[in-house]
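Taking it in order: structure first as structure tokens, then the write-up.
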Amino acid sequence: MPVLVDSWLWVHQLRRSGDPAKRDRVHAFLEGGESAWCPVVRLELWRGVTDDAERKTLRRYEALLPDYEISAEVWQRSIQLADRARASGVTVPLADLLIFSCARIHGLELAHDDSHFDELMKTRAVMRLGPRFRRLAAPHHAATLDPASVLRSDSLAQRQGA
């Protein structure tokens with residue numbers, strides 16, 4: 001099943017200073033051909049690019065990763081969630097509402113390390129809808145994967161349909 005990876009986890013993967021466990025988790029998704037993103041995640045990442053190496057990696061990911069649409073249905077679900085969350089006393093950033101709704105509408109898992117997604121899961125509106133979401137857990141394996149090897153992997157490109 002494709003996994004929509006939230007921006008914070010991608011940041012750990014892109015930067016050498018990122019948390020090794022989080023970086024390994026994203027690498028496992030990449031190697032398993034499960035990683036996906038949406039335009040909101042892409043925009044958040046491009047907004048935070050700090051050097052040419054990150055630009056190169058993001059361009060490569062744009063060619064390889066499935067990009068799930070922020071459709072009218074995603075917008076509508078986001079509006080409903082924003083209303084329900086606010087009624088519960090929780091204010092969730094616009095980007096997180098869209099990312100969460102995108103994963104729900106497209107039937108994706110969401111890998112994250114963000115308490116806003118945990119708060120959204122508590123709303124009664126989402127408890128019965130869609131696939132499970134998971135907060136970042138321990139990596140599938142202890143090996144550290146080299147980002148360059150992921151980018152050069154022909155098998156990754158084939159698995160992603162590129």
Selection from region 1-19 of residues surrounded by fewer than 15 Cβ atoms within 10 Å (Cβ to Cβ) and of a type in the set (A, V, I, L, M) yields Met1
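Conditions tested, residue by residue: (1) at pLDDT below 95; (2) part of a loop (DSSP other than H, G, I, E, B); (3) among the acidic types (Asp, Glu).
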residue	(1), (2), (3)
Glu73	no, no, yes
Leu98	no, no, no
Leu110	yes, no, no
Leu151	yes, no, no
Pair list, Cβ under 7 Å, 6 or more apart: region 45-62 residue under 15 Å from Ser7 (Cα atoms) and free of Cβ contacts under 8 Å to residues at least 40 places away in the same chain, other residue hydroxyl-bearing (Ser, Thr, Tyr) and surrounded by 13 or more Cβ atoms within 10 Å (Cβ to Cβ): Leu45/Ser7
Residue match in region 66-82 (condition: touching a Gly at 6+ places or on another chain (Cβ under 9 Å) and either within 22 Å of His116 (Cβ to Cβ) or touching a residue at least 60 places away in the same chain (Cβ under 8 Å) (or both)): yes
Considering every residue within region 36-50, establish whether at least one is within 22 Å of Trp10 (Cβ to Cβ), basic (Lys, Arg), surrounded by fewer than 16 Cβ atoms within 10 Å (Cβ to Cβ) and at pLDDT 90 or above. yes
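Does Lys22 meet the test of being buried (at least 17 other Cβ atoms within 10 Å of the Cβ), out of contact with any strand residue (DSSP E or B) (no Cβ under 9 Å at 6 or more places or on another chain) and not aliphatic (A, V, I, L, M)? Working first, answer last.
Details: buried (at least 17 other Cβ atoms within 10 Å of the Cβ): yes; out of contact with any strand residue (DSSP E or B) (no Cβ under 9 Å at 6 or more places or on another chain): yes; not aliphatic (A, V, I, L, M): yes.
In short, yes.
The values are calculated or read from the model by the stated rules, or taken from the named source; none is laboratory data. Owing to the predicted nature of the structure, the values given are computational and were not obtained by experimental measurement. Neighbour counts are summed over all protein chains in view; Cβ atoms, including those assigned to glycine, are modelled from backbone coordinates with ideal geometry.
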